[in-house]
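The values are calculated or read from the model by the stated rules, or taken from the named source; none is laboratory data. Being a predicted model, the structure only gives us computed values, none of them experimental. Cβ placement follows ideal geometry from the backbone for every residue including glycine, while neighbour counts extend to all protein chains displayed. Calculation scope for accessible area: heavy atoms of the full protein, side chains included, ligands and nucleic acids excluded. Shrake-Rupley method; radii C 1.70, N 1.55, O 1.52, S 1.80 Å.
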Amino acid sequence: MWEEILKAITGVYFPSMLKFIFGPLTGYALKLNLATTILATVSGMMTVVFALAFAGDWIVKNIFNRFFPKRKRFSERSKRFVTLWRKYGVAGVAFLTPVLLTPIGGTLLAISFGSPRDKLLFYMFISASFWASVFSLVIYMFGN
């Protein structure tokens, strides 16, 4: 039991904090139970979302604004993020975070546009649960 918990923490939880898809992939590679993989993947993403939801304002104000001063013109990439936010809001960003963005990037994007914490945490949890189940089931079923 302790061996599986250590594998889940080191092999699924921590990689899911950086890139969501790494959780199900390493869970399958380590031959963990499907439910353990899903729970550790969701926990990894939600740890980052929770931490950044409460420290994100400080990070944006003190770190991003220092290293990336505000520009007068927009790049094509930033225009895409603004379009994504205006079109879909916090629910759309949360839904696309595990697929296109990293948990860190999606959370910071939502925070930078002024998303309320309760909505951010709720939508990110729903999105993480959905995508962890989908990715894990697909990888476990078609892994061989």
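Of all residues in the range 32-40, one or more are more than 25 Å from TYR123 (Cα to Cα) and in contact (Cβ under 8 Å) with a residue 12 or more places away in the chain. From the list VAL99, VAL90, the lone residue that is open to solvent by less than 30 Å² (accessible area, probe 1.4 Å), of a type outside the set (Phe, Trp, Tyr), within 17 Å of PHE130 (Cβ to Cβ) and within 15 Å of the chain's Cα centre (by Cα) is VAL90.
Among residues of the range 121-137 that are free of Cβ contacts under 8 Å to residues at least 40 places away in the same chain and farther than 14 Å from MET17 by Cα, those with a beta-carbon under 9 Å from a residue that is among the polar types (S, T, N, Q) and open to solvent by less than 40 Å² (accessible area, probe 1.4 Å) at least six positions away or on a different chain give the pairs TYR123/SER115; SER127/THR97.
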